[in-house]
Structures are given as C-alpha cells and as structure tokens.
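Scroll down for the structure; my scribbles are underneath it.
A short reminder: the numbers here are calculations on the coordinates, not readings from a lab. Given the structure is predicted, the values throughout are model-derived calculations rather than measurements. Here the Cβ positions follow ideal geometry from the backbone for every residue, glycine too, while neighbour counts run over all protein chains shown.
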Amino acid sequence: MRALWLMAGLVCVGVGGVGVVVPGLPTTVFFVAAAWCFSRSSERMERWVLGLPGVGQLVADYRSGLGMPRRAKVVAIACIVAAVSISAGIALDHPAARAGVTAAGLFGIWWILKRVPTRETELRVRVERGVE
C-alpha cells in the first residue's frame with residue numbers, strides 16, 4: 001500500500017510541476033495532495049515537499065488551516081478567469097462545452113472565495129483569540 005501512496009505522490013508532484021509552467025493548471029493543490037500521499041508512504045518525501053521553495057510554505061500553511069495568502073487567491077482567480085475566457089470564448093465551439101467550462105470555472109472561483117480560508121484573516125483571528 002505504501003508503494004501506491006508513493007506513486008500517487010510522485011504523480012501529484014509531476015502534475016504540480018507541469019502546473020508551474022502551464023497557465024491555468026493549478027500547482028499548489030497538487031503539492032498539497034503529494035504531501036498527503038507522502039505522509040502515508042515516505043516521511044523523507046513529505047519533508048522534501050514541505051521544504052520546496054515557493055510551494056513548501058503554502059502546503060504547510062494549508063495543512064495547518066491557514067489556507068491561502070490573499071495574493072495567491074487573487075492570482076488563482078485571475079488564472080481561472082483567463083483560462084475559462086480562452087477556453088469558452090475562443091477554443092470551444094459547442095455551447096454545452098462552453099457552459100461546462102464556464103460552470104467549472106465559476107465553481108472554482110466560488111470554492112476559493114468561500115471554502116478556502118484566507119491566510120491573513122486566519123492569522124488575525126488566531127491572534128485575537130490568543131492562539132498562535
């Protein structure tokens with residue numbers, strides 16, 4: 001079973017790595033998933049993901065319930081808008097496909113805004129409660 005979790009983690013790292021260079025493909029979510037898979041298979045690989053520059057701190061923050069920094073939310077939403085606009089506005093001809101892509105994009109934006117905590121807000125709430 002550990003080998004399957006390790007393979008799944010490596011696949012997530014691979015897709016997340018592609019997401020670094022491909023606009024519209026998320027990056028951090030795949031590294032969060034990779035860390036989760038590695039937590040079940042390889043402590044060394046989990047530490048490696050958490051130590052990656054740029055993404056490691058985002059994964060650690062998400063795991064601790066801090067969510068995403070406000071700037072990352074803005075960038076993520078902008079990328080969703082750009083990808084959906086290109087896909088639904090230019091690349092797709094079929095109305096159902098356009099509607100599906102638009103619905104998926106709107107759901108992604110809703111999820112980021114309503115379900116993913118904002119790091120700065122969570123830190124402020126923790127300070128107000130005396131929990132750090």
Reported set for the range 36-80 where residues are under 12 Å from the mean Cα position of the chain (by Cα) and within 23 Å of residue 3 (Cβ to Cβ) is 59
Residues within the range 83-120 that are touching a Gly at 6+ places or on another chain (Cβ under 8 Å), within 19 Å of residue 62 (Cα to Cα) and part of a helix (DSSP H, G or I), tallied: 1
Among residues belonging to the range 1-19 that are more than 21 Å from residue 109 (Cβ to Cβ) and not aliphatic (A, V, I, L, M), point out the one that is surrounded by the most Cβ atoms within 10 Å (Cβ to Cβ). 9
How many of the residues in the range 53-82 are outside any helix (DSSP H, G or I) and surrounded by fewer than 18 Cβ atoms within 10 Å (Cβ to Cβ)? 5
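Filter the range 20-48 down to the residues that are in a helix (DSSP H, G or I) and touching a Phe, Trp or Tyr at 6+ places or on another chain (Cβ under 6 Å), then identify the one that is farthest from residue 105 (Cα to Cα).
45
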